[in-house]
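*Asks:* Sharing a structure, written as structure tokens. Questions coming.
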2 protein chains.
Amino acid sequence: MTSSKPPILSFANDGSCSLFSPTAMPAASSFLWNSRMMAQYNCRGYVTAQFMQPEPAKYSKGPGLEATTFMQPEQPYFSHYPGRFFYIQERATNTLFSAPYEPCRVAQAEFEMRSASNSIQWRVKHQGIEALITTWLGDDEVAEYWSCQLINHSQQQKSLTLTPYFSVGYLSWMNQQGYFDRTLNSIVCPAVTPYQKVEQYFANHHFADTTFLWASTPPDSWQASQQGFEGEGGLHRPSALEQDALPCEAAIYQTPVAALQYQLTLAAGETSEPLLLVFGAAKNTQEIHKRASNWRTTFLELINGDLSPAITKMQAHQFKTDLPDQWLQRQVNHWLHRQVTYHGETNRLTTDPQTRNYLQDALGMCFIEPTRVRQSIITALSQQHQSGEMPDGILLHPDAELKYINQVPHTDHCVWLPMLLETYLQETNDFELLQLQLPYADSEQADTVQSHISKAMDWLKHKTDKRGLSLIEQGDWCDPMNMVGYKGSGVSAWLTIASAYACQLWGNILKQAGESAPTTHYQELAAEFRHSFNHHCWDQDWYLRGISDDGIAFGTAADQQGRIFLNPQSFALLANAPNEQQIEQIRRSVRHHLNTPFGLQMLAPAFTQMHEHIGRVTQKFPGSAENGSVYNHAAAFYIYALYQSGFGDEAYQYLTRLFPSDCPDDQLRRGQLPVFVPNYYRGAHEYHPEHSGRSSQLFNTGSAAWVYRIIIQCLFGFVGDQQGIKLTPQLPSHWQRCSLTRSFRGATVTVNYCRDAAVSQTQIHCPHAKVDGQHISGLQDGQHYDITVTLPT
Amino acid sequence: MTSSKPPILSFANDGSCSLFSPTAMPAASSFLWNSRMMAQYNCRGYVTAQFMQPEPAKYSKGPGLEATTFMQPEQPYFSHYPGRFFYIQERATNTLFSAPYEPCRVAQAEFEMRSASNSIQWRVKHQGIEALITTWLGDDEVAEYWSCQLINHSQQQKSLTLTPYFSVGYLSWMNQQGYFDRTLNSIVCPAVTPYQKVEQYFANHHFADTTFLWASTPPDSWQASQQGFEGEGGLHRPSALEQDALPCEAAIYQTPVAALQYQLTLAAGETSEPLLLVFGAAKNTQEIHKRASNWRTTFLELINGDLSPAITKMQAHQFKTDLPDQWLQRQVNHWLHRQVTYHGETNRLTTDPQTRNYLQDALGMCFIEPTRVRQSIITALSQQHQSGEMPDGILLHPDAELKYINQVPHTDHCVWLPMLLETYLQETNDFELLQLQLPYADSEQADTVQSHISKAMDWLKHKTDKRGLSLIEQGDWCDPMNMVGYKGSGVSAWLTIASAYACQLWGNILKQAGESAPTTHYQELAAEFRHSFNHHCWDQDWYLRGISDDGIAFGTAADQQGRIFLNPQSFALLANAPNEQQIEQIRRSVRHHLNTPFGLQMLAPAFTQMHEHIGRVTQKFPGSAENGSVYNHAAAFYIYALYQSGFGDEAYQYLTRLFPSDCPDDQLRRGQLPVFVPNYYRGAHEYHPEHSGRSSQLFNTGSAAWVYRIIIQCLFGFVGDQQGIKLTPQLPSHWQRCSLTRSFRGATVTVNYCRDAAVSQTQIHCPHAKVDGQHISGLQDGQHYDITVTLPT
């Protein structure tokens, strides 16, 4: 039986995703970015926008002095959260509503938020009036482009007022103001970013501290003082809208707002001319003046559907799947691909990405823009210490500093290098890179990339205790696991086996590069790590997570909380640590202890109190973030490991749970648009089943790269090698056919997979290329290849 | 003609101050404090509460992650600003309003906010229902005590619901929650203050991270999830109040709130039993349990009007004036005295008060609790450097660090020592203090207090250029004047003459102490400073403010902005720098350029753009804070200087403008309750006359101490000396009579002043004491003296 209720979500053929309610999943959001900025758009009209100067900054802020911080999970919204609101009034009928939804929160007859690659559009209908609102980001500038049209669907002429209200917020205790500049036809809100030390004056000197809202049409009235707009009526029924016109008040060391008012008369059926708005940051009015000369042209391009260079470039890289599950297909084709691109292009809007994030975001980018990855590898390795140690963060700007978590010493950063290199070489076959000479952070003496990475592996070995287990210091992949080894002797079981895996991969790469002695060395290192891990870290039915400074093992069957962790199991599989029986035990234990309807929890049961031998992770709220959420990055490792171990069907089951499904109950629970893989869904299913599954709404996550890799390399089995492509698909048994088209080493390759009861083993055909078993070689630059893979049923 | 409109403000005989509108001055507030915390109560129900652990912390926060910062001027309020709201509903009549006023913002028939010394009370009447809400702070605990009663003024029985809603807010991204604990009858909201470094775990370990709301009566229902309370209705009409009961939902890693609901049935005329609530912070539920056992008793004491020890102690120190201006009298007797006590007791809720603030707050305390001041002098001088330099802040806790502005080097801190010492000795005659041996911050070798202060004066001399002008480095009294001398050679004219004044005072003290050679030395130093100042800093009609690193003088007639600064004129008068003609020029210039209806601006015209040879002050918003506001601390210096120069009538005119007056227009403009002197009123009267006069609402200010001193020592002319009291009143010429009663050196002294046409010169009578001209001596501990001062008309 299907419900007759309209869907909450749907996909269009072009991949755009529509949400049909502003209340069903109130935290749902989509995002846009360009080279200078990123903006996250909540379905109800709230917007979180950040730009780089060079550190992340905001031109539209909350109503109080906000902390400067990294992006927070499950960010709560509230009425004065920064937003872009369009108040629409018909005075004759005393009608007032706001589009998209906030702050009036009037139940609308129709609501649609449509997220596309480079735009977000709302269609809202109330009392015969439709508002059509579209937003894009400009290219290479800190500017949101907005268009708003009203349509009179009634049979009568309507006199309407349209009042865009764009939050500017509490900018500064030093200096904040706002006024309407007639020559610019803009609300202009200059401010001075607060500071106290004289050196900051020079550092801040170039700041784009002026928020502006430009309009294509002169408003009938305006308002720049927030308090004067809201009055006693409140944001949901502002006092200023009770008057015939806005009061045209400047903000004089008061919280500014950018509000403009237009009187419109629309005949029955008439659509208004689009009101075009540009909202952003500039250094001063001169800059606004200069930039404004391009805005009308840009709008024409945007409205005509011309794509921004960033999106055009992204789409130039072909990537298209055809899957039996169309819901999943849309998420993968349009959104996962886009999310990986976003990570690769923006580095999560930080000037000092964590080294492991930087390397894994690059891992995803190998499939899309490998030349960019080459530069990332160079940048990262040039910041390596001569000792082989990788720094906690990679500095991407001359003024960048290690901040936040990058001031805490973690010991895992080296292990990600071979995983990135493996992927990079699979996609490019660029083994020449290994011979490139690069300096160190603490020495100008150059060394080859190969030596850099070998040193990194040797450093991992150096950072082990006498048992051969990896010292954790104040954290590994799990940042807040900060008290296992802060006294100097605690070890990470996961890092031990991840080091084994890294050495194993590095050995493989060196082998392909024809380096026989080093190959043996790193294979031996891998074996040593593996041996120590197996000897010290197996506990009844799974591998434990670590052993503290004081010798307390955790992640064991004896623990009441944090009994089992996912990561040691995943990397054990990857590093071939367990025997057949252990593999069974691991798979059973993971399924039993960690699986939920919303994906795999990274540990269970979640901690509900501080454990001083483990650290900060145990203080996090149970089921949030690293404390037992469905942490998708960890889930992706396990899925990758299952595929690598040949458990394709099982892997696929877990894989689909990373994505919001087409089932309304699942959608409501996750509360997230299916346009990105979030860093986590709430876990602690055992304590809070009614909250589990809720998305963090954070789209910065290492999972995007891995899921993308999994789909290409594991599901479709499309792996580059030194000759060309090796095809080892692991399609779900119930799939009859599917296909993949992607750019690969200058060629375009389409692989059509189908099952045929007539074949007993996989058969591959590829006209114009050489096929040898699973291997395809002889691909030419610029050509299109159609490969057919016929699989037994 | 008097208006028939009811007053906005009034004083009761006990000094309590009532405000009769929640909208006339929406930012108006009063404050309470105890030894652990401070809370500022906005008239509409918003509350800013801070407690020390040891740094200032909050248990009731805003809806987003707030910056940790110092108290900001003109703090904007918004709907989700932390508040204590009481929703009151009569379902039968569909009546919903909230007391005091937010968030429903329903126009009430009657409103009164009554601020008393140790309580704040609201009486609100709407639709026949009166809410009587009172709040106090507990002693020595982080707890607000609240009582709420409803009165049915109608002729019918009413069924009401009362729903206290106390904001908890966004506590932490690491861990936040909230639930109802039946055994405690409390909403309990544990959280973990976010941190990332392991050392912070140990530093934060003792934090009182649990917010609680305890109630005297079990609620009928409760709600701890903010979002679940508000729903789509909004804070002004919460969805949870549309139901028969609150949903009883815990906050599961969601923004918590403390909301309780009570069903009440009140007969016509009936008053409900008081609902008693305690809201605050605790380490854990065990602590709440332990503390709760005292709360009912404490409530009884509070409701019975028993005063807290802090207030009792404050009132034990007698201070009472009888002035012709009753409005001013109430502000002085009840509120100025209280504000000075607050500063002296709390050090503005910081662990590292700026040295100049610490010394001047102590200066005010000399008149109230001089033994406490003795310890402050010891604390401050023990942190002096051996070089004589005073640090930028005084550390009051073992874990305290210099923060914010105290990380910027200022060169004025030494000059405040003799001003404090002079006052302390006037009040105590404790010249023995000068011989007390104290260490330095950088040496255990002890030195006498006298040597410490002599070294401080010598250091001031050492910090001069070859012209004898004082080097300013990155600021003097004016913190943000940070670029005059950051290259090393810019000088402060004000600091030069303030140094002259300090040396002059120190010479006087040494003279009284019988130290003849040092006396001469410091008199000579004073003369040298004075000479350099007069030689280099007079500019046409006034003294300039400084000369930058690059030799640019500012605060001169040639300047378009910042033409004249108040402080150099004030201290020039104090240090006897100007000749008679110059004094006239100064007084005329100050009146012409700096005077406004709301007091004296500290500079004019305000800067409207950055001046790189002056610094950050020029970037502040024109008319705010140091950039040309009516900065009361500076105004107080000038008033003090006018009195010292014998211009009592002129001084009095400026003095009254420091206080909100009894004129409604003035009250509305300032927008502040007359219960404290704020740090500033908006200036830049020349640019923004419509905004000038608006209070910063900040009650942390050096002006309190100086105004208190001015009233005692200048207006009443009551100055302690080595024998007893010297009486040199400078009453306004139009005053016929007034009186002062105060504790002084263990005695209680009442001075009655009256004018009598029959006398040609001041006559003083004091039974049981010795009168010698203006001098009174022979006062005995524990006695009460009645002094009569008869003045010529």
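The values are calculated or read from the model by the stated rules, or taken from the named source; none is laboratory data. From a predicted model like this one, the values you see are computed outputs, not experimental measurements. So basically every Cβ, Gly included, is an ideal-geometry build from the backbone, and we count neighbours across all protein chains shown.
*Asks:* For the range A:478-494, which positions are surrounded by 24 or more Cβ atoms within 10 Å (Cβ to Cβ) and either farther than 16 Å from A:W538 by Cβ or of a type in the set (S, T, N, Q) (or both)? Reasoning before the result, please.
*Replies:* Applying the first criterion (surrounded by 24 or more Cβ atoms within 10 Å (Cβ to Cβ)) to the range A:478-494 yields A:478, A:481-485, A:490-494.
A:C478, A:M481, A:N482, A:M483, A:V484, A:G485, A:G490, A:S492, listed by residue number.
*Asks:* Which one of B:Q226, B:Q200, B:Q243 is within 29 Å of A:P26 (Cα to Cα) and facing another protein chain (nearest Cβ under 10 Å)?
*Replies:* Values: B:Q200 fails: within 29 Å of A:P26 (Cα to Cα); B:Q243 fails: facing another protein chain (nearest Cβ under 10 Å).
The match here is B:Q226.
*Asks:* Please state which of the following conditions A:I377 fails to meet, knowing it meets all the rest: (1) more than 19 Å from the chain's Cα centre (by Cα); (2) over 24 Å from A:Q713 (Cβ atoms).
*Replies:* Answer for A:I377: the failing condition is (2).
*Asks:* Could you please find all residues in the range B:79-122 being assigned to a loop (DSSP other than H, G, I, E, B), touching a His at 6+ places or on another chain (Cβ under 8 Å) and within 14 Å of chain A (Cβ to nearest Cβ)?
*Replies:* Once the filter is applied, which keeps residues that are assigned to a loop (DSSP other than H, G, I, E, B), touching a His at 6+ places or on another chain (Cβ under 8 Å) and within 14 Å of chain A (Cβ to nearest Cβ), the range B:79-122 yields B:S79, B:H80, B:P103, B:C104, B:R105, B:V106, B:Q108.
*Asks:* Taking the condition of being at pLDDT 95 or above and either within 18 Å of A:Q445 (Cα to Cα) or not hydrophobic (A, V, I, L, M, F, W, C) (or both), how many residues in the range A:378-403 meet it?
*Replies:* Selection size over the range A:378-403: 16.
*Asks:* Please pick out the residue among A:K455, A:K461, A:K466 that is among the charged types (D, E, K, R), closer than 21 Å to A:G514 by Cα and modelled with pLDDT of 95 or more.
*Replies:* A:K455
*Asks:* Right, here's the next one. Take the residues of the range A:577-605 that are assigned to a loop (DSSP other than H, G, I, E, B) and more than 30 Å from the chain's Cα centre (by Cα): which is surrounded by the fewest Cβ atoms within 10 Å (Cβ to Cβ)?
*Replies:* By that ranking, first place goes to A:N579.
*Asks:* Which members of the range A:51-76 meet the condition of being surrounded by fewer than 22 Cβ atoms within 10 Å (Cβ to Cβ), in contact with a helix residue (DSSP H, G or I) (Cβ under 9 Å, 6 or more places away or on another chain), within 19 Å of B:E66 (Cβ to Cβ) and not β-branched (V, I, T)?
*Replies:* A:P56, A:F70, A:M71, A:P76
*Asks:* Considering only the range A:46-78, how many residues are part of a loop (DSSP other than H, G, I, E, B) and within 14 Å of chain B (Cβ to nearest Cβ)?
*Replies:* 19
*Asks:* Continuing with the same structure: So the check is Cβ under 7 Å with 6+ separation or different chains; which pairs have a first residue in the range B:165-181 that's more than 7 Å from chain A (Cβ to nearest Cβ) and a second one that's part of a loop (DSSP other than H, G, I, E, B) and polar (S, T, N, Q)?
*Replies:* Taking only residues 6 or more apart or on different chains, the pairs are B:F166/B:S60; B:S167/B:S60; B:V168/B:S60; B:G169/B:S60; B:G169/B:T255; B:S172/B:T193.
*Asks:* Looking at the range B:452-472, can you tell me whether even one residue there is more than 32 Å from the chain's Cα centre (by Cα), crowded, with 24+ Cβ neighbours inside 10 Å and either away from every other protein chain (no Cβ under 14 Å) or assigned to a loop (DSSP other than H, G, I, E, B) (or both)?
*Replies:* yes
*Asks:* Here is a further query. Just checking, how many residues over the range B:206-220 are among the hydroxyl-bearing types (S, T, Y) and not in a strand (DSSP E or B)?
*Replies:* 2
*Asks:* Okay, next question. From A:A259, A:A240, A:A251, grab the single residue that is under 33 Å from the mean Cα position of the chain (by Cα), within 30 Å of B:H80 (Cα to Cα) and among the small types (G, A, S).
*Replies:* That would be A:A259, the only listed residue that is under 33 Å from the mean Cα position of the chain (by Cα), within 30 Å of B:H80 (Cα to Cα) and among the small types (G, A, S).
*Asks:* Name every residue in the range A:404-444 that is closer than 16 Å to A:N347 by Cβ and at pLDDT below 95, in order of residue number.
*Replies:* Let us first name the residues in the range A:404-444 that are closer than 16 Å to A:N347 by Cβ, namely A:404-406, A:413, A:416, A:420.
Matches in the range A:404-444: A:Y404, A:I405, A:N406.
*Asks:* Tell me the residue from A:A268, A:A281 that is assigned to a strand (DSSP E or B) and within 26 Å of A:S147 (Cβ to Cβ), please.
*Replies:* A:A281
*Asks:* Looking only at residues in the range A:203-220 that are aliphatic (A, V, I, L, M) and either at the interface with chain B (Cβ under 8 Å from one of its Cβ atoms) or more than 30 Å from B:E473 (Cα to Cα) (or both), which one is surrounded by the most Cβ atoms within 10 Å (Cβ to Cβ)?
*Replies:* Top of the filtered list is A:L213.
*Asks:* Cβ-Cβ below 6 Å, separation at least six or inter-chain, first residue in the range A:616-634 and under 21 Å from A:I710 (Cβ atoms), second among the small types (G, A, S): which pairs?
*Replies:* A:S629/A:G623; A:S629/A:G683; A:V630/A:G599; A:V630/A:G683; A:N632/A:S703; A:H633/A:G702; A:H633/A:S703
*Asks:* Take the residues of the range A:221-233 that are in contact (Cβ under 8 Å) with a residue 12 or more places away in the chain and not in a strand (DSSP E or B): which is surrounded by the most Cβ atoms within 10 Å (Cβ to Cβ)? Give the steps one after another, and end with the answer.
*Replies:* Looking only at the range A:221-233, we keep the residues that are in contact (Cβ under 8 Å) with a residue 12 or more places away in the chain, and these are A:221-229.
Cutting the leftovers down to not in a strand (DSSP E or B) gives us A:226-229.
Details: A:Q226: 27, A:Q227: 17, A:G228: 21, A:F229: 25.
Here the residue is A:Q226.
*Asks:* While we're on this one: Residue by residue through the range A:246-281, note down the ones that are within 14 Å of another protein chain (Cβ to nearest Cβ), crowded, with 19+ Cβ neighbours inside 10 Å and touching a residue at least 60 places away in the same chain (Cβ under 8 Å).
*Replies:* Scanning the range A:246-281 gives A:A250, A:A251, A:I252, A:Y253, A:Q254, A:T255, A:P256, A:V257.
*Asks:* Can you list the strands (runs of 3 or more DSSP E) found entirely within the range B:150-205 that contain at least 2 residues being touching an Asp or Glu at 6+ places or on another chain (Cβ under 7 Å)?
*Replies:* Strands (runs of 3 or more DSSP E) meeting the threshold: B:158-167.
*Asks:* Among the residues of the range A:753-766, is any closer than 19 Å to A:Y424 by Cα and not charged (D, E, K, R)? Give the derivation first.
*Replies:* As a first pass, look at the range A:753-766 and keep what is closer than 19 Å to A:Y424 by Cα: none.
No; the residues of the range A:753-766 include none that is closer than 19 Å to A:Y424 by Cα and not charged (D, E, K, R).
*Asks:* In this structure, does B:L731 turn out to be closer than 25 Å to B:T656 by Cα and in a loop (DSSP other than H, G, I, E, B)?
*Replies:* So B:L731 fits the description; yes.
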